[in-house]
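One structure is given below, encoded as structure tokens.
The values are calculated or read from the model by the stated rules, or taken from the named source; none is laboratory data. Note that the coordinates shown come from a computational prediction; the quantities given were computed from them, not determined experimentally. Quick reminder, even Gly has a Cβ in these numbers, built from the backbone with ideal geometry, and neighbours come from all protein chains shown.
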């Protein structure tokens, strides 16, 4: 077995800072637990604020220090997103503690091209979550977790620690590790330090019976599990069937850009969850909880974003959400966000292409339609749908671009892209003698005539083709008995016009312009 450990030393602080506005990120920030400083960022540390310091002392050093309480639920949600990212690489993922995720990757090495390539791809997948990660590999789960913790936290966002493929290589690495890495070692750190026990090698040199009597069997059990001398069973994580993540904003969000900054954190978690499910996002809903106004609760605002083609691109999802937020009027400042997704499309993602094809061009058209729908609304983006009727004015109707006649979404995943791709790749048929134009006038335009020939803008039209006789509508009381012609104007453009064979009234007699050819 080969275990890969992901340790996030600043998880709690990073999960809180993700809720801050972008312009407030450089300020000094500290988290408090039981009236003492639990974690500080670089700006606060530069001012002398340290973990364990009292709240009043920290404020005396930095008057404008941003303080917040630690939140286990917020930290758990952030750690869950890291676990979901890991599930995209192996199904054997477990939580070691509140800051460490473990992956059993022996079976995944061949798929990803070895340990180095796997760690590189995993680091790239974790980057959008914005966490500092310390990574180490070992043949035991506890050994990998100890090695991942044993690294300084000031060497960049990703620290690739030591790794050992065999137990023989793990032993010297663990011997050099400090005693405080073990859970009981942190509890009895002062006593161990007083006895001159600083490393795990010092601990192993002492009689086991005496150590167990003084510090408990847990200290030696944890050491044995790390060295592979004791069984270390683990329970694998299972991803939830639906995505539901909540984020409380530290500062009030009064503009759509401020809401989008917080929503981007939730979208990154959504993409990580979808990757773990080996699926793509079909739709999602953003719920915004507002501040009370005049002691009255303001109803939450919900934005539902539905994609024409399922996607797994956080930037694209954020772009669609930005368009929807641009049309939304916030009833009150937003205090919390909740992102839900219950529509996933399982299946292989589209293959990447070296050269553009009609299929890739169709993808661009689908994404353009998604942006138009998000910006203008679903009902404002229409397409023509054919109707079984010979009358030109009733041979088509407008429906929402991603809907049927009733405005529902196609049931088959990928139907929108398949339809656009088929239309883009279909061969262009030659123009037929009685081809109908796509551009029809809202109402037929009466034309004057001279010498039995129609006039357009005072100039005669030359009849090129026709007549095409249409007799329909007797069943619904709106009959159409017409002869259609294709005519050419003096500028060379082609128009479509007709003459009624059996005019029901004086207004129906004569020539009428029905449409124009492109």
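Things to note:
- Test result for residue 307, at pLDDT below 85 and not in a helix (DSSP H, G or I): yes
- Among the candidates 114, 130, the residue that is surrounded by fewer than 19 Cβ atoms within 10 Å (Cβ to Cβ), at positive phi and free of Cβ contacts under 8 Å to residues at least 40 places away in the same chain is uniquely 114.
- Filter result for residue 64 (at pLDDT below 90, under 30 Å from residue 280 (Cα atoms) and surrounded by fewer than 20 Cβ atoms within 10 Å (Cβ to Cβ)): no
- Output for region 88-99, where each listed residue is surrounded by fewer than 23 Cβ atoms within 10 Å (Cβ to Cβ), touching a residue at least 40 places away in the same chain (Cβ under 8 Å) and touching a strand residue (DSSP E or B) at 6+ places or on another chain (Cβ under 8 Å): 92, 94, 95, 96, 99
- The numbered conditions (1) surrounded by 12 or more Cβ atoms within 10 Å (Cβ to Cβ); (2) at pLDDT below 80; (3) part of a loop (DSSP other than H, G, I, E, B) are all true for residue 421 except (3).
- Taking helices (runs of 4 or more DSSP H) as the structural unit, those lying wholly within region 173-231 and holding at least 1 residues that are closer than 18 Å to residue 96 by Cβ correspond to 183-187, 200-204, 217-227.
- The condition of being modelled with pLDDT under 85 and farther than 19 Å from residue 145 by Cβ holds for only one of 220, 160, 182, 206, that being 206.
- Qualifying residue in region 273-289 (condition: farther than 19 Å from residue 370 by Cα, in contact with a strand residue (DSSP E or B) (Cβ under 7 Å, 6 or more places away or on another chain), in a helix (DSSP H, G or I) and at pLDDT 85 or above): yes
- For region 83-99, a tally of residues being in a helix (DSSP H, G or I) and closer than 11 Å to residue 237 by Cβ returns 4.
- Given (1) closer than 21 Å to residue 387 by Cα; (2) in contact (Cβ under 8 Å) with a residue 12 or more places away in the chain; (3) in a strand (DSSP E or B), number of the condition residue 443 does not satisfy: (2)
- Number of positions in region 373-385 that are surrounded by fewer than 16 Cβ atoms within 10 Å (Cβ to Cβ) and either in contact with a helix residue (DSSP H, G or I) (Cβ under 8 Å, 6 or more places away or on another chain) or modelled with pLDDT under 75 (or both): 5
- For residue 235: the one exception among (1) surrounded by 14 or more Cβ atoms within 10 Å (Cβ to Cβ); (2) touching a strand residue (DSSP E or B) at 6+ places or on another chain (Cβ under 7 Å): (1)
- Filtered residue count, region 326-368, keeping only those that are at pLDDT 75 or above and under 30 Å from residue 241 (Cβ atoms): 14
- Among the residues of region 433-443, those identified as touching a strand residue (DSSP E or B) at 6+ places or on another chain (Cβ under 6 Å), surrounded by 10 or more Cβ atoms within 10 Å (Cβ to Cβ) and under 14 Å from residue 487 (Cβ atoms) are 434, 437.
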